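The values are calculated or read from the model by the stated rules, or taken from the named source; none is laboratory data. Only a predicted model underlies this, so the values are computations on that prediction, with no experimental measurement involved. Cβ atoms come from the backbone with ideal geometry, glycine included; neighbour counts cover every protein chain shown. Side chains are part of the model used for accessible areas, which takes the heavy atoms of the whole protein and leaves out ligands, DNA and RNA. Shrake-Rupley method; radii C 1.70, N 1.55, O 1.52, S 1.80 Å.
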Amino acid sequence: MATVRAMIQNGRVAVAWPDGRRAEFPAIWLRDNCACATCRHPGNGQRLLDTLDIPDDIAPVDLELADSDLHVIWSDMHESRYAGTWLRDHALTPEARNERRSRRTLWGAEIANDLPRGDWAEIRRSPEAERDYLARYGEFGFGLIDNVPAKNGMVVEVGNRFGHVRVTNYGAYFDVRSVPDPTNLAYTAVALGVHTDNPYRDPEPGVQLLHCLESDAPGGESILVDGFRAAEDLRHGDRAAFELLAHRHLSFRFSDRDADLSARTPVIQLDDDGVVAAIHFNNRSAAPLDAPLEEVEPWYRAYRRFARLLRRPENELRLRLAPGQLLMLQNDRALHGREAFDPNLGRRHLQGCYVDKDGIASRLAVLSRDEAAA
Ligand SMILES: [Fe+2]
Ligand SMILES: [Zn+2]
């Protein structure tokens, strides 16, 4: 889109586009983001310019528009050129900043009618199918993949397709089934309330993959809840409770013969703009709250209110995984749990692994970039 107007205003560069959008760029910001071959390496795009080498009193002295590029001459004699589309994409207005956020759709039980899902053979065959699947996964915080061969360790192959499997003290992957003398309640047949996995790790696992190998035991339905939606419900219904859970850190702990893991984190984690960024909720591994005495009762009221929201039937997606289905969960958003099952009347065997979030986001970005370039 062509840049129509640009002028120097109070030491900033003000730009207006034909559709009426406007944005201001502070001199230090604009000079620091010069993309010329002296300021950025032409091959890898990394910054060569030392931000400290920019004079304190840097100012634009002259502007020129050429095609859709903005040409700036600086008080330090440097000359920069910025594409109009680049300026628009990086504008600092609330509107533009909001557009840069990744797409997020909150959901409840109704998502059962339109699950974000993909087919493993399709995903492997078509980059477009893979990108579509990952984009839907990103928007909703989970995805279901059909037709993943019900083979031992297959979950690791899927994890390494999208990102990089993170090895933990549970190994590269773990078996979720009922065993004698379990070290974790997950390895029993009892019901598990919805939770995020392993908040006692630092960093916490970003993505969990659960692959169903066998499922003919009565019960054992999977339950998923959008923790971001529950957090927004709490924010709107009880602001003080929301803020307490966002502020006060809770410790989580896991210990067995070989490991003693602990980490501290707020139940609701916000980003620097106050947007919900992560949920850390795991009642099984929550350690005693360590907070100033007068905060304890209000914190419990807030925590119990949030826990009740997570249990509302209209917030729950229930599904029964069949052998060959794989559930991929953004661990700090899509909370998961299960109904009890009867291990005497059949089998229920899942294999799980953890993948870091950045690898998945990178895969989606690369596939989208390739598709845009094609
Ligand atoms: Fe879990
Ligand atoms: Zn430059």
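If I ask for residues that are among the basic types (Lys, Arg), within 23 Å of the chain's Cα centre (by Cα) and in a loop (DSSP other than H, G, I, E, B), which ones from segment 157-179 would you list?
Hits for segment 157-179: nothing passes.
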**Message:** Residue under question is Arg177, and the condition is that it be of a type in the set (Lys, Arg) and at pLDDT 95 or above; does it hold?
**Reply:** no
**Item:** Number of the condition not met by Gly84 [criteria: (1) more than 16 Å from ligand 1 (Cβ to nearest atom); (2) open to solvent by less than 50 Å² (accessible area, probe 1.4 Å); (3) at pLDDT 95 or above]
**Value:** (3)
**Fill in**
Within segment 167-198, of all residues that are of a type in the set (Asp, Glu) and open to solvent by 30 Å² or more (accessible area, probe 1.4 Å), the one nearest to ligand 1 (Cβ to nearest atom) is Asp175
**His164 vs. criteria in contact with a helix residue (DSSP H, G or I) (Cβ under 6 Å, 6 or more places away or on another chain), surrounded by fewer than 20 Cβ atoms within 10 Å (Cβ to Cβ) and of a type outside the set (Asp, Glu)** = yes
**Message:** Only one of Asp50, Asp32, Asp19 is under 15 Å from Asp76 (Cα atoms) and open to solvent by 70 Å² or more (accessible area, probe 1.4 Å). Can you tell me which?
**Reply:** Asp50
**Request:** Could you tell me whether any residue of segment 31-49 is closer than 20 Å to Ala96 by Cα, of a type outside the set (Gly, Ala, Ser) and touching a Gly at 6+ places or on another chain (Cβ under 8 Å)?
**Result:** no
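Among the residues that make up segment 31-39, is at least one of them in a strand (DSSP E or B), more than 16 Å from ligand 1 (Cβ to nearest atom) and touching a residue at least 12 places away in the same chain (Cβ under 8 Å)? Steps first, please.
Step one: filter segment 31-39 for residues in a strand (DSSP E or B), giving none.
Within segment 31-39, none of the residues are in a strand (DSSP E or B), more than 16 Å from ligand 1 (Cβ to nearest atom) and touching a residue at least 12 places away in the same chain (Cβ under 8 Å).
Let's see how each residue does on (1) open to solvent by 40 Å² or more (accessible area, probe 1.4 Å); (2) touching a helix residue (DSSP H, G or I) at 6+ places or on another chain (Cβ under 7 Å):
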site	(1), (2)
Asn98	yes, no
Arg103	yes, yes
Ala112	yes, no
Gly118	no, yes
Arg131	yes, yes
Leu144	no, no
Gly153	no, no
Glu157	yes, no
**Asked** Going by the structure shown, is Arg201 open to solvent by 20 Å² or more (accessible area, probe 1.4 Å), outside any loop (DSSP other than H, G, I, E, B), more than 15 Å from Ala340 (Cα to Cα) and away from ligand 2 (no atom under 16 Å from the Cβ)?
**Response** no
